[in-house]
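Asker: This structure is in C-alpha cells; I'll ask about it shortly.
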C-alpha cells in the first residue's frame, strides 16, 4: 500500500529466453537489465494491441485505457504514448494534443471512478518485436507506465487443442481422440511437425484414423512411432508438412481403454514440436471410466407407519427375491425385459446388484416376472400386498 492507501503491485522477470527474440541467446535482462513493472490499483492503466503478430504493411490498433480508482480527484493528468520505431501513426481518437511521437493527451481532471480511453491506429513498417509503452502523469500519483509488444515478421503461432469422441466410457471400450493445432501466426511452421502423445495410464494406441494438414489429406504419409523410446501409450506422430499461417493440422486416432481400468477420470496431454521448439499442452480430453463397476443396492423393509422411509424399529424382510425389470421402458416386449432373479446378498432385506444396470431399469420383489400373471407391479406395489410391509 502506498501512502495514499492505494495497492501497488510489483512484478519482475527471471530466467532466460533462449528461444525468444534474441537469436537463440539469453536476453540481457537475465543478468544485467531485469525487467520490472508495477501497477497502481487506484490509477489503473492499460495498453493492448489488437494483434500479437503482423506482417510489414499490416495495420492494427492500440487500445489505451486509464481508470481513476482512487477516492479523490486526479488533476493535471497527462497521457503519453511512446511509439517504437517500425510503426507509422495513421490516426488517433480522440485526437492528440501533440505528436506524432510521443502522442500526448492533456486529459486534465479525472474524477473518482472516471475513465479515459483512446484508440490509436498504426501501420507496421519494420520487422522484429515492437515494444510500445504508455506513461500517465498526475499531480497526485507517481508516473504509471504500461507496455505491450507486437511481433512484426513471419512467425508461426500455434494453438493446440484436443477432444475425445466420448466423455464417458466403460472398461474395454475405445475412444477416438482429435488433435487440432491451429497456426494463427503470420508464417508457416517448420517441416516436419511432430506430435508426442501422452495417453492416460493403461490406455493404448489402436489406430491412426486420419491426418489433415492445410486442408490436404496426409494420412498415408504420416508415420506413427511406437518403438522405444516411444510406446503404444506414448506414440509419436511425424507429419511431413508445415502448417501454413491461418491453417490447421488435425489428427484423429483411436485409443483403447484397458479392460481392468478402475472407475475415475482419465485425462492426457500432447506436445507439438516444429523447428526444434516444443509446445506442450495442459490436461485435455478427459474421459470418465465407469459402468463396469457400477452397483445398485437397497433395503426391503416393513414400513409400519407408511412414511416411505425406514425408521427405527422397522425391520428388514429377509428371503425375498429381487429381479431387474424394465416394465417402465417403452418397449415392454423387449427380450431382455425380464432377467434372472437376483438373490439378496445381505441379510435383513438388503440387496446389492454388482453388475451394470441400464438406465430406466426397475426392480421387483417376489417371483420373477416370467412366473407372474400379466399384471406388472413394482417393488413398492408388490410388497404392499403384504400389510405393513414395504
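The values are calculated or read from the model by the stated rules, or taken from the named source; none is laboratory data. Treat the numbers as computed from the prediction; the structure is a model and nothing was measured. Note: ideal-geometry Cβ built from the backbone for every residue, glycine included; neighbour counts use all protein chains shown.
Asker: Would you be able to tell me the number of residues in the range 222-241 that are in a loop (DSSP other than H, G, I, E, B), in contact (Cβ under 8 Å) with a residue 40 or more places away in the chain and surrounded by fewer than 18 Cβ atoms within 10 Å (Cβ to Cβ)? So that I can check it myself, show each step before the final result.
Answerer: Just the residues of the range 222-241 that are in a loop (DSSP other than H, G, I, E, B), to begin with: 222, 226-235, 240-241.
When the remaining residues are screened for being in contact (Cβ under 8 Å) with a residue 40 or more places away in the chain, the result is 240-241.
If we keep only those that are surrounded by fewer than 18 Cβ atoms within 10 Å (Cβ to Cβ) as well, we get 240.
So the answer is 1.
Asker: Mind listing just one residue for me: the one in the range 162-173 that is more than 22 Å from the chain's Cα centre (by Cα) and within 14 Å of residue 206 (Cβ to Cβ) and, of those, surrounded by the most Cβ atoms within 10 Å (Cβ to Cβ)?
Answerer: Taking the range 162-173 first, the residues more than 22 Å from the chain's Cα centre (by Cα) are 170-173.
With within 14 Å of residue 206 (Cβ to Cβ) added as a condition, the list becomes 172-173.
Details: 172: 13, 173: 16.
Out of the qualifying residues, it is 173.
Asker: Residues of the range 146-193 being closer than 30 Å to residue 260 by Cα and in a loop (DSSP other than H, G, I, E, B), which ones?
Answerer: 165, 166, 167, 170, 171, 172, 173
Asker: In addition: Please work out if residue 219 is without any contact (Cβ under 8 Å) to a residue 12 or more places away in the chain, in a loop (DSSP other than H, G, I, E, B), under 20 Å from residue 162 (Cα atoms) and in the same structural domain as residue 163 (by TED's automatic domain parsing).
Answerer: Numbers: without any contact (Cβ under 8 Å) to a residue 12 or more places away in the chain: yes; in a loop (DSSP other than H, G, I, E, B): yes; under 20 Å from residue 162 (Cα atoms): yes; in the same structural domain as residue 163 (by TED's automatic domain parsing): yes.
So residue 219 passes the test.
Asker: While we're looking at this one, here's another question. For the range 91-109, check the following and say yes or no: at least one residue is within 30 Å of residue 187 (Cα to Cα) and at pLDDT 90 or above.
Answerer: The answer is yes; a qualifying residue exists.
Asker: How many residues, within the range 50-77, are part of a strand (DSSP E or B) and over 41 Å from the mean Cα position of the chain (by Cα)? First the steps, then the outcome.
Answerer: Going residue by residue through the range 50-77, those that are part of a strand (DSSP E or B) are 53-54, 59-68, 74-77.
Those left that are additionally over 41 Å from the mean Cα position of the chain (by Cα): 74-77.
The qualifying residues number 4.
Asker: Specify the residue that is nearest to residue 53 (Cα to Cα); the eligible residues are those in the range 174-190 that are surrounded by fewer than 19 Cβ atoms within 10 Å (Cβ to Cβ) and in contact with a strand residue (DSSP E or B) (Cβ under 7 Å, 6 or more places away or on another chain).
Answerer: Filtering the range 174-190 for residues that are surrounded by fewer than 19 Cβ atoms within 10 Å (Cβ to Cβ) and in contact with a strand residue (DSSP E or B) (Cβ under 7 Å, 6 or more places away or on another chain), the one nearest to residue 53 (Cα to Cα) comes out as 184.
Asker: Specify which of the listed residues (122, 66) is modelled with pLDDT of 90 or more, over 12 Å from residue 44 (Cα atoms) and touching a strand residue (DSSP E or B) at 6+ places or on another chain (Cβ under 8 Å).
Answerer: Details: 66 fails: over 12 Å from residue 44 (Cα atoms).
After applying the criteria, what remains is 122.
Asker: Scan the range 131-150 residue by residue and report those that are under 26 Å from the mean Cα position of the chain (by Cα) and either buried (at least 16 other Cβ atoms within 10 Å of the Cβ) or on the phi > 0 side of the Ramachandran plot (or both).
Answerer: Within the range 131-150, the subset under 26 Å from the mean Cα position of the chain (by Cα) is 148-150.
Those that are under 26 Å from the mean Cα position of the chain (by Cα) and either buried (at least 16 other Cβ atoms within 10 Å of the Cβ) or on the phi > 0 side of the Ramachandran plot (or both): 148, 150.
Asker: In contact (Cβ under 8 Å) with a residue 40 or more places away in the chain and within 17 Å of the chain's Cα centre (by Cα) - does that describe any residue in the range 181-193? Write out each step before concluding.
Answerer: Pass one, the range 181-193, residues in contact (Cβ under 8 Å) with a residue 40 or more places away in the chain: 181-193.
In the following step, the residues that additionally are within 17 Å of the chain's Cα centre (by Cα) were identified as 181-182.
Scanning the range 181-193, I find at least one residue that is in contact (Cβ under 8 Å) with a residue 40 or more places away in the chain and within 17 Å of the chain's Cα centre (by Cα), so the answer is yes.
Asker: Ok, one more. Any residue at all in the range 113-130 that's farther than 26 Å from residue 51 by Cβ, in the same structural domain as residue 47 (by TED's automatic domain parsing) and part of a strand (DSSP E or B)?
Answerer: Narrowing the range 113-130 to residues farther than 26 Å from residue 51 by Cβ: 113-114.
From what is left, the residues that are in the same structural domain as residue 47 (by TED's automatic domain parsing) are 113-114.
Applying the additional criterion that residues be part of a strand (DSSP E or B) yields none.
No, that holds for no residue.
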